[in-house]
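Each remark here refers to the structure printed beneath this line.
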Amino acid sequence: MRVYASLKSIGSYAPEKILSNKDLEKMVQTSDEWIQKRTGILERRIASKDESTSDLGVRAAKIAIKRAGIKLEEIDGVICATLSPDYMTMPSTASVISHKLGIKNVMAFDISAACSGFVYLLNLSKALIESKMYKNLLIIGAEKISSFVDYEDRATCILFGDGGGAAIVSQTTDPNKAILDINVSADGEYGDLLITPGGGSKDPCSLNLIERRGQFIKMSGNEVFKIAVKTLTNDVIEILEKNNLSAKDIDHFIPHQANYRIIEAVRMKLGFEESKTVLTIHKYGNTSAASIPMAIDDAYSSGRIKKGDLMLLDTFGGGFTWGSALVRFGGD
Ligand code: COA
């Protein structure tokens, strides 16, 4: 019998502390008005000193596990997408999360695909579940990105926020609950446009690195903006055409939340109604790999997403990486 992978549940967590545009006005030369007009962001969340990326992931995962109604022993693997891991090399954030949740003796590892991480994880889960290797996977996109943001760089520090999102992807035989199709891709040619240059093997941690502020995210915002709009638009056109669907067949358009102007440009080019487009950018900013699952959960928790609804996910991030996914919501 044919089996499908199903997004069975979703969960998210946003840290309590709010960093508002007004707060940023006191830190760098910027204004609430400029940030709102250029990005659509009003505020973002910042994790506390005691919270690391794994803690944000654990909070989101607990909700997803509960909503899926499965036992910890039924989870066959834990995979985490993050660009702000608890530890730079090991253990993986997924291992830390597994331990904190009490999940034992199953695979746990991280992937690195920047803001596209969660869509990459869906793609991986779909393959692992449809091949009948595994039945239930816990996937997490979590970021304490504030640890890698330079709060002296006004071009980046206004954009990012912390958060976590998680999902249970499970085997099903019901095509009406299935992840229908996913297209993910990358092009390393543009790696330098959005990069954390130091702290890795190329430019290891040193006093000199810290003096150069090389441990922080650097971005050529304007160039990233243009390529993001084009890529986010083209990959949706591609996946819709491939599946003989059009914008009107989609119940929820859920784009990566990087900049309201990017989302609006893409939405208008593709012809999605505003009411079908999920927006969290105003309250969370860009939470990288957590952005898409936090947006799905925001729409689910407010009662917008129902079982069987067709979601179109659209993501873009450092690497460059990008992807789109057609997903029927498989939860209750
Ligand atoms: N406050 C006030 N002025 C700022 C500013 C800030 N926070 N950041 C930049 N500026 C200034 C620039 O210095 C520049 O000044 P100049 O004209 O005197 O040189 C001016 O605003 C315009 O800068 P520019 O970078 O062209 O602005 P922009 O309209 O492209 O907006 C971003 C900047 C970063 C908001 C925008 O480019 C963006 O969102 N890029 C993509 C981000 C993204 O998607 N990243 C992640 C992908 S996952």
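Take N176 and tell me if it is outside any strand (DSSP E or B) and free of Cβ contacts under 8 Å to residues at least 12 places away in the same chain. No; evaluated as a whole, the condition is false for this residue.
Just the residues that are under 17 Å from I145 (Cβ atoms) and either without any contact (Cβ under 8 Å) to a residue 24 or more places away in the chain or open to solvent by 30 Å² or more (accessible area, probe 1.4 Å) (or both), please, taken from segment 21-33. Residues satisfying the conditions are D23, M27. Taking the numbered list (1) within 14 Å of the ligand (Cβ to nearest atom); (2) surrounded by fewer than 21 Cβ atoms within 10 Å (Cβ to Cβ) in turn, T39 passes all entries but (2). Residues of segment 231-241 that are open to solvent by 30 Å² or more (accessible area, probe 1.4 Å) and either within 12 Å of the ligand (Cβ to nearest atom) or in contact (Cβ under 8 Å) with a residue 24 or more places away in the chain (or both): I237, E238. Between A5, A94, A61, the distinction of being more than 16 Å from the ligand (Cβ to nearest atom), in contact with a strand residue (DSSP E or B) (Cβ under 9 Å, 6 or more places away or on another chain), open to solvent by less than 30 Å² (accessible area, probe 1.4 Å) and not in a helix (DSSP H, G or I) belongs to A5 only.
Might you let me know whether segment 277-288 holds any residue that is open to solvent by 30 Å² or more (accessible area, probe 1.4 Å), assigned to a helix (DSSP H, G or I) and more than 30 Å from S84 (Cβ to Cβ)? No: segment 277-288 contains no residue that is open to solvent by 30 Å² or more (accessible area, probe 1.4 Å), assigned to a helix (DSSP H, G or I) and more than 30 Å from S84 (Cβ to Cβ).
The set of residues in segment 8-29 that are farther than 16 Å from N286 by Cβ and part of a loop (DSSP other than H, G, I, E, B) comprises E16, K26, M27, V28, Q29. The sole residue among S185, S201 that is open to solvent by 70 Å² or more (accessible area, probe 1.4 Å) and outside any helix (DSSP H, G or I) is S201. Of the residues examined, I182 is not one that is within 16 Å of the ligand (Cβ to nearest atom) and either hydroxyl-bearing (S, T, Y) or modelled with pLDDT of 95 or more (or both).
The values are calculated or read from the model by the stated rules, or taken from the named source; none is laboratory data. From a predicted model like this one, the values you see are computed outputs, not experimental measurements. Methodologically, a virtual Cβ is constructed for each residue, glycine included, from the backbone with ideal geometry; neighbour enumeration extends over all protein chains shown. These area figures cover heavy atoms from the full protein model, side chains too; ligands, DNA and RNA do not enter into them. Shrake-Rupley method; radii C 1.70, N 1.55, O 1.52, S 1.80 Å.
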